[in-house]
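Before any comments, here is the structure.
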Amino acid sequence: MSGDAHLLVAADYVVFAVVLLLSAAVGFYYAWRSRRQGNSRDFLTGGRKLNALAVSMSLTASYISSVTVLSNPAEVYRYGAIFGYLSISYVIAVVYTSEVFLPVFYRLAINSTYEVTVVLFSTLFLLYFKLLAGLHLSVSVQMTGMNLWGGIISTATVCTLYCALVSKTFITYDTHTIGIMFAGYMSVIIKCVILKGGISTILSDAQEGGRINFVDFDINPLRRHTFWTLVIGGTVGWSAVYGTYQPQVQRYNSCKSIKHARLALFINVLGLACTLTSSVISGLCLYSFYKNCDPWKAGQVSSPDQLLPYLVMDILADHQGLPGLFFAAVYCASLSTVSTSINAMAAVTTEDLIKPRIKLSEKKLLLISKGLSVFFGIVCVAMAGLASLMGHMMQAVSIIGGVTGGPLLGLFSLGVLCPFVNSKGGLCGLVTGLAAAVSVSIIGMISPSPPEMTRPLFLSTEGCNFTTGSSFNWTTPLPTEPSLFTTTPGQNTDDIHAVQWHSPSYLYFCVIGGLTSVIVGIIISLLTGGLRETVDPRLMLMKEDTLSYHLFKRLKNFTTKLNETKGTELSARQ
């Protein structure tokens, strides 16, 4: 492979340009069609006219982020295909959201899921996605030799354009770009299968390398990935996303009926499953190609997140346009994630901070909402640039999503399911849950789990070609796991490890925060007279709201009629 193999060519840049131009065209087209859109509610929820298919594709596309495209395959490459158990958590989380949160949110027709007391937590949650999207966008840009700031600014400009013009554009755009995202994934997978002579070779390599590791039911919470950590931790984490995350609720409320909203959720599971399957297969392809010469340990990439782009440039560089297609898919993922955050931030600010305090006409609120989209687009550029400079500090940023999601899920669950929980209990539970999750995450940074708990799989460099004519710098020091805390020279590390408290799996951060929030919220509410308070029934979940109630009722009626029919037939025979 030549030294120029890791640079995009003209055809690849044409693909980039076409994607960005199409994105801008979508914004202008729907802005023109919706030019008489009259109020902020229509702007933020699309006027409740969207169908289940469009919303479900938008739900999926918003989480096929640059994190999914780049990090998930690297996770499978290093820790194995057991990562695929997350698909079970998707199903459970969607069922919980559909039964518990969706009926209440849709009945209330709220634009924002957050009250002022928790708006700071929602802001952190959204800024987290901006930073993370910016980090992975910068990784892709640097891998292709593109100008970093040019890539960031062009992406954020397009996102801001169609978010500021009309809100439902980002939903419509998602339905268009999800195909591009999957096309980028499939271009890599298909080429790998062809070069390896079939999927059986890739699976055989993965089996020999220990990557097919589904049989792991260890209940030890300190283990990074087991069946239980992935299913339990994943369920709580994804329930937080689908039950409390502002962009998701906006999408539910944009549906024409609650049936369409519920159907959109369940169709979305199929999209998530396809995405996860693509990630697992891509990770196994990575291992099959680099089982004898790991680019990360060999110093060819500085981060595991760069492994998939490295593979793309390795196997697709001779096919002009295909590398551009893959990186366009990463861009589309970033566009979807960033546009989702911009629109959600505008909704939270308008509904929770401006409306309750300032009386304005709907026309002025609409203009403010669009202006906020522009403002948060500029903020996004700054956040993405900051993310590109933070290096391993993004390990700390990635914790924000986990530590805020659990307490928020606990708070929302209490509010919907427990009528005796009052504001004092809810707020105390939220703060305590956040403190518990933050404490555990700090322990995780100070005292990361040892290799016997994380169990990274073996990676070899024995097959690397160290010839002097190589176009790569093989003398780069081997990278190590990033850590926010290092020991000083002369410090006795053996003594330190002897007193360390190892944190549980990162997937349990949400669980710890959520459980703490629920337990403390219930106790404080009971101690402060929560049982004596009355609650508006519209704010609570009623059994008639749930799909399971109606299914059970139909099953009961069917069984009753069947028994009556059998009784009639028996009487007739007698």
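Here, each number is a calculation from the coordinates, and none is a lab measurement. Quick caveat: nothing in here was measured; it's all calculated off a predicted structure. Cβ atoms come from the backbone with ideal geometry, glycine included; neighbour counts cover every protein chain shown.
For the reader, a short list of remarks on this structure follows.
- Residue order, fewest to most beta carbons within 10 Å, for Phe375, Phe101: Phe375, Phe101
- Centroid-to-centroid separation of region 495-565 and region 253-307 [C-alpha atoms, Å]: 29 Å
- The fewest-to-most ranking of Thr432, Thr97, Thr546 by surrounding Cβ atoms within 10 Å reads Thr546, Thr432, Thr97.
- Exceedance of the 25 Å cut-off in Cα-Cα distance is limited, within the set Lys259/Lys553; Lys256/Lys359; Lys49/Lys370; Lys259/Lys543, to Lys256/Lys359.
- For region 232-239, Karplus couplings with θ = phi - 60° (6.51, -1.76, 1.60), whole Hz, Gly/Pro x: 6, x, x, 4, 5, x, 6, 5
- Counted by Cβ distance under 12 Å from Val301, the other residues give a net charge of -2, where Lys and Arg count +1 and Asp and Glu count -1.
- Taking Cβ atoms as reference points and 14 Å as the exclusive limit, the residues near Met540 contribute a net charge of -2, counting Lys and Arg as +1 and Asp and Glu as -1.
- Net lengthening on full extension, Lys561/Leu21 (0.36 nm per residue, minus Cα-Cα): 188.4 nm
- Highest to lowest packing among 411-423, 553-565, scored as the average C-beta count within 10 Å: 411-423, 553-565
- In nm, spacing of pseudo-spin labels at Ile354 and Lys543 (7 Å Cα→C-beta vector): 4.4 nm
- Spin-label model, Glu208/Gln320: points 7 Å from Cα along the beta carbon direction are separated by 3.7 nm.
- FRET efficiency, Leu551 to Phe227 (Cβ-Cβ, R0 25 Å, nearest 0.05): 0.35
- Efficiency of FRET between Asp536 and Lys49 - r from beta-carbon atoms, R0 30 angstrom, step 0.05: 0.60
- Label zone at Tyr13 (point 7 Å along Cα-to-Cβ), backbone N below 18 Å, region 293-324: 317-324
- A simple spin-label model places pseudo-atoms 7 Å from Cα toward Cβ; at Thr201 and Lys424 they are separated by 7.0 nm.
- Neighbour-count ranking [beta-carbon atoms within 10 angstrom, fewest first] of His260, His319: His319, His260
- One decimal place: the segment Asn292-Leu527 gains 78.4 nm when fully extended, by the rule 0.36 nm per residue minus the C-alpha distance.
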